[in-house]
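Data block below; observations after.
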Amino acid sequence: LAKTTQPPSMEAYEGQEVNVSCSHTNIATSEYIYWYRQVPHQGPQFIIQGYKDYVVNEVASLFISADRKLSTLSLPWVSLRDAAVYYCIVTDIHYGGSGNKLIFGTGTLLSVKP
Amino acid sequence: EAAVTQSPRSKVAVTGGKVTLSCHQTNNHDYMYWYRQDTGHGLRLIHYSYVADSTEKGDIPDGYKASRPSQENFSLILELASLSQTAVYFCASRGSGKERLFFGHGTKLSVL
């Protein structure tokens, strides 16, 4: 099960684009990349998932390097509501076993200034 | 939207007492997870299950038991609650393969 490494914190101003990086150097071919965020007193919320290349949804975009060892979550035009801890996790998509443990790392605390 | 319901939402327990936290999902998901979160820290995996009547240890299983009597229900059991187990506990479920996690609202446990 691949571990992930993220910067502990980031700061941005409202309206800026924010890019949060995640290193997963030991990612296996059967592992998928997921991003979640958590605000205080709430459970984590799903943002986006991907396997390779580029994925986009209504909330964010996700770029995955060609070797899949690095992914970058991009949040366009952040607002104060985007202040949260952002988690990158990887998990095996094969059924059963320890590869499905879904381990959360320490995440990246994003602070947004007005 | 998939639903994961935890009960109770909060609980106060005494040291040495038995505590059972319950989780119910109506998503027909195979996988269920229990995490704990201490104030100001990330989520840590306690136990998980990918089929009824079977549970697996996560990263911090000591002091906790888990039970998966059916696909829909997953319980976390503290046989002898301790002060160090004061935390917020989150249950989550997901389907097989590439599906994402769906979280419950959490249970705030205070052990006194």
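The values are calculated or read from the model by the stated rules, or taken from the named source; none is laboratory data. As the structure is a prediction and not an experimental result, all values here were calculated from the model. A quick note on method: Cβ atoms are made from the backbone with ideal geometry, for glycine too, and the neighbour counts reach across all protein chains shown.
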Fill in: Flag if A:THR106 is within 10 Å of another protein chain (Cβ to nearest Cβ), in a strand (DSSP E or B) and either crowded, with 17+ Cβ neighbours inside 10 Å or at pLDDT below 95 (or both)
no
Item to complete: Please work out which residue is farthest from the other protein chains (Cβ to nearest Cβ), limiting yourself to the range B:88-112 and to residues that are touching a residue at least 40 places away in the same chain (Cβ under 8 Å) and either on the phi > 0 side of the Ramachandran plot or in contact with a Leu (Cβ under 6 Å, 6 or more places away or on another chain) (or both).
Response: B:VAL111
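Tally the residues that are without any contact (Cβ under 8 Å) to a residue 40 or more places away in the chain and over 12 Å from A:GLY15 (Cα atoms), restricting the search to the range A:67-87.
Going through the range A:67-87, the residues without any contact (Cβ under 8 Å) to a residue 40 or more places away in the chain turn out to be A:67, A:81.
Checking which are over 12 Å from A:GLY15 (Cα atoms) leaves us with A:67.
Residues flagged as without any contact (Cβ under 8 Å) to a residue 40 or more places away in the chain and over 12 Å from A:GLY15 (Cα atoms) within the range A:67-87 amount to 1.
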Item to complete: Please determine, by comparing only the residues of the range A:35-93 that are closer than 15 Å to A:HIS24 by Cα and β-branched (Val, Ile, Thr), which one is surrounded by the most Cβ atoms within 10 Å (Cβ to Cβ).
Response: A:ILE89
Worksheet item: Of (1) of a type in the set (Val, Ile, Thr); (2) buried (at least 20 other Cβ atoms within 10 Å of the Cβ); (3) touching a helix residue (DSSP H, G or I) at 6+ places or on another chain (Cβ under 6 Å), B:THR107 satisfies all except one. Which?
Response: (3)
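Find the strands (runs of 3 or more DSSP E) located wholly in the range A:1-66 whose residues include 3 or more that are closer than 17 Å to A:GLY105 by Cβ and either more than 14 Å from chain B (Cβ to nearest Cβ) or touching a residue at least 24 places away in the same chain (Cβ under 8 Å) (or both), and list them.
On the way: elements: A:9-13, A:18-23, A:31-38, A:45-50, A:54-56, A:61-64.
In the range A:1-66, the matching strands (runs of 3 or more DSSP E) lie at A:18-23, A:31-38.
So in the range B:24-43, with the set limited to residues that are at the interface with another protein chain (Cβ under 10 Å from one of its Cβ atoms), buried (at least 16 other Cβ atoms within 10 Å of the Cβ) and within 18 Å of A:GLN45 (Cα to Cα), which one is farthest from the chain's Cα centre (by Cα)?
B:GLY42
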